[in-house]
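Student: Quick one: structure below, then a few questions.
The values are calculated or read from the model by the stated rules, or taken from the named source; none is laboratory data. Small disclaimer: the values here were computed from a predicted structure and weren't measured. In this analysis, Cβ positions are derived from the backbone assuming ideal geometry, glycine residues included, and neighbour counts consider all displayed protein chains. Just so you know, the surface numbers come from the protein's heavy atoms only, side chains and all, with ligands and any DNA or RNA stripped out. Shrake-Rupley method; radii C 1.70, N 1.55, O 1.52, S 1.80 Å.
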Protein chains: 2
Amino acid sequence: MKLVKLGGSVITDKSKLKTFRSSSCSRLAGELRPVRDVLTLVHGAGSYGHIEAKKHGLQNGLKSRAQLRHVAGVQRDVRELNLRVLETLIDNDVRAVSIPPAASAIFDRGEIKSFEPDPFQAMLDLGLTPVTFGDVVPDESMGFSICSGDLMMEALARAFEPEIVVFCADVDGVFDRDPKRNAGARLIREFDTASLKNLKRTESAHPDVTGSIYGKLERMLAIARHCEKCMIVNGNVPGRLQKAVSGRDVVSTVVIPG
Amino acid sequence: MKLVKLGGSVITDKSKLKTFRSSSCSRLAGELRPVRDVLTLVHGAGSYGHIEAKKHGLQNGLKSRAQLRHVAGVQRDVRELNLRVLETLIDNDVRAVSIPPAASAIFDRGEIKSFEPDPFQAMLDLGLTPVTFGDVVPDESMGFSICSGDLMMEALARAFEPEIVVFCADVDGVFDRDPKRNAGARLIREFDTASLKNLKRTESAHPDVTGSIYGKLERMLAIARHCEKCMIVNGNVPGRLQKAVSGRDVVSTVVIPG
């Protein structure tokens, strides 16, 4: 199985509420067409999820009943994005079917307590392409919590031990410094736990950004232990995703398990 | 718990592909608002499901790989309808969240092999309104099959033993003859197994239509065994659904368990 994450920053404009990047998503769908029969997809929530979720503190779980309307609202919004992704995939001949996170997992304390791979396996057995996504989910101790796309990536990697795992981002891979702020930032071709430690020292001045980047990178290092190859590619550069999923050389960061 | 089915003929124009009856659905959402905290909803697929499913023989299960594109397509279409229903409910202050059939059930031979109520219970515990729907689902022996909204109604009634079950149709209830073809058709106020037998004799000249009507009525008789009151009301007449869910007298057919 090949497991691909379409980052929320690639398929949406993360700065503008509910803005779908239709042509990018369509191009990426076309790049995935050759491997559709052995493919599982995860997509981020991008601007269909994060903006409203943050506004109403949904990442902290149930604090007041006034949040419930927004739990329903954000769930609806991310399903709207999921529908756009499904449409785009099907239009590009990828037979995509939706499996929301809560259809296969039970959540507790913002993590996956148990994961049931059968819903994905059933769709893969039919020759369909399962698609899951970042979502607001019921949580046993918090009431509800956020299940990121990356959390689903890890659960799927553990369950299916994929041949290849590709994270499709809006940068070429992991850099030694933030490439959007530092023109001299250097792409790290092979990323391991040592690289993570070095990064920590360099970027500690930006706790919010790095906090989230480190969390993601730690999860990628964990995921790399459950697949033959784990890599990050730039989804905004045409052809890179297709090369990555078909095992060809491509500009990327390969994540080396610790 | 109160369990309500919004029939596909009420929320869509069943004769026109993917035609949502927005104002009807909005009015019905408003009628459900007072009971939102104890409500579970099921909706039919209407013209978002039946037309394309029939065209590609999806009700017979997997016969050729050419159907797979349409399995994905019909699943996408019914999720589009589900999204419209969710939007309409949330706009009317019903905090609706989606639970697709395959998120709670495993299917075999076109029936439910096992049903897991926890996803619904978790949403009800939070004070949200779970919404499920008719869908194309993976099926252990058929590859895939159709899960009707009524099949989910029966599973939910068995699991939750609701106080009241309301089927919202485009007619006043069950008639002794087809009310759309016979001006003199009489509404059956209390419908039981004896009524079903009489109906069978009267309408056997229309096997296609009655086949489906009888199947539905047999299932309603089964459902009536698992709730205090099971009834059919006309969702096109303003106020009837609200009266029904709040236990007031209303023009309807009450289904009496056999």
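Student: Looking at (1) modelled with pLDDT of 95 or more; (2) within 17 Å of the chain's Cα centre (by Cα), find the lone condition where B:I51 falls short.
Tutor: Checking B:I51 against (1) modelled with pLDDT of 95 or more; (2) within 17 Å of the chain's Cα centre (by Cα), the one that fails is (1).
One line per residue, one yes/no per condition, for (1) under 27 Å from A:G134 (Cα atoms); (2) touching a helix residue (DSSP H, G or I) at 6+ places or on another chain (Cβ under 9 Å); (3) not small (G, A, S):
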site: A:M152; (1), (2), (3): yes, yes, yes
site: A:R158; (1), (2), (3): yes, yes, yes
site: A:E163; (1), (2), (3): yes, yes, yes
site: A:C168; (1), (2), (3): yes, yes, yes
site: A:V174; (1), (2), (3): yes, yes, yes
site: A:D178; (1), (2), (3): yes, yes, yes
site: A:N182; (1), (2), (3): no, no, yes
site: A:A185; (1), (2), (3): no, no, no
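Student: Just for region A:234-258: of the residues that are of a type in the set (V, I, T) and open to solvent by less than 40 Å² (accessible area, probe 1.4 Å), which one is nearest to A:R36 (Cα to Cα)? Full working, then the answer.
Tutor: First pass over region A:234-258, keeping only residues of a type in the set (V, I, T): A:237, A:245, A:250-251, A:253-256.
This time we only want the ones that are open to solvent by less than 40 Å² (accessible area, probe 1.4 Å), so: A:245, A:250, A:253-255.
Numbers: A:V245: 10, A:V250: 20, A:T253: 23, A:V254: 22, A:V255: 24 Å.
Going through the qualifying residues, I end up with A:V245.
Student: Next question, about the same structure. Quickly run through region B:4-43 and pick out the residues that are open to solvent by less than 10 Å² (accessible area, probe 1.4 Å) and among the aliphatic types (A, V, I, L, M).
Tutor: B:V4, B:L6, B:V10, B:I11, B:L28, B:A29, B:L32, B:L39, B:L41, B:V42 - these are the residues of region B:4-43 that are open to solvent by less than 10 Å² (accessible area, probe 1.4 Å) and among the aliphatic types (A, V, I, L, M).
Student: Looking at A:I106, A:I99, A:I112, can you tell me which residue is of a type in the set (A, V, I, L, M, F, W, C), under 17 Å from the mean Cα position of the chain (by Cα) and open to solvent by 20 Å² or more (accessible area, probe 1.4 Å)?
Tutor: Details: A:I106 fails: under 17 Å from the mean Cα position of the chain (by Cα); A:I99 fails: open to solvent by 20 Å² or more (accessible area, probe 1.4 Å).
Just a single option satisfies the conditions, and that option is A:I112.
Student: Also, quick follow-up: Report the residue count in region A:122-131 for those that are open to solvent by 40 Å² or more (accessible area, probe 1.4 Å) and hydroxyl-bearing (S, T, Y). Even if it seems obvious, please write down each step before you answer.
Tutor: As a first pass, look at region A:122-131 and keep what is open to solvent by 40 Å² or more (accessible area, probe 1.4 Å): A:125.
Of the ones still in play, those that are also hydroxyl-bearing (S, T, Y) are none.
Counting residues in region A:122-131 that are open to solvent by 40 Å² or more (accessible area, probe 1.4 Å) and hydroxyl-bearing (S, T, Y) gives 0.
Student: Moving to a separate point now. Determine whether A:V42 is β-branched (V, I, T), over 26 Å from B:R65 (Cα atoms) and in contact with a helix residue (DSSP H, G or I) (Cβ under 7 Å, 6 or more places away or on another chain).
Tutor: Working: β-branched (V, I, T): yes; over 26 Å from B:R65 (Cα atoms): no; in contact with a helix residue (DSSP H, G or I) (Cβ under 7 Å, 6 or more places away or on another chain): yes.
No.
Student: Can B:P119 be described as open to solvent by 10 Å² or more (accessible area, probe 1.4 Å), without any contact (Cβ under 8 Å) to a residue 24 or more places away in the chain and more than 17 Å from the chain's Cα centre (by Cα)? Even if it seems obvious, please write down each step before you answer.
Tutor: Working: open to solvent by 10 Å² or more (accessible area, probe 1.4 Å): yes; without any contact (Cβ under 8 Å) to a residue 24 or more places away in the chain: yes; more than 17 Å from the chain's Cα centre (by Cα): yes.
The answer is yes for B:P119.
Student: Sticking with this structure for a sec: Name the helices (runs of 4 or more DSSP H) wholly inside region A:147-248 in which the number of residues that are over 28 Å from A:D118 (Cα atoms), more than 14 Å from the chain's Cα centre (by Cα) and at pLDDT below 95 is 3 or more. Quick ask: steps written out before the conclusion?
Tutor: Values: elements: A:149-160, A:193-203, A:207-224, A:240-245.
Answer list for region A:147-248: A:193-203, A:207-224.
Student: I've got another one for you. Output the residues belonging to region B:144-167 that are farther than 14 Å from B:Q75 by Cα and open to solvent by 20 Å² or more (accessible area, probe 1.4 Å).
Tutor: Selection gives B:E154, B:R158, B:A159, B:F160, B:E161, B:E163.
Student: Is it true that some residue in region B:32-46 is within 11 Å of another protein chain (Cβ to nearest Cβ), in a helix (DSSP H, G or I) and closer than 26 Å to B:S145 by Cα?
Tutor: no
Student: Would you pick out the residues in region B:44-94 that are in contact (Cβ under 8 Å) with a residue 24 or more places away in the chain and open to solvent by 20 Å² or more (accessible area, probe 1.4 Å)?
Tutor: B:H50, B:I51, B:E52, B:Q59, B:N60, B:L62, B:E80, B:R84, B:D91, B:N92, B:D93
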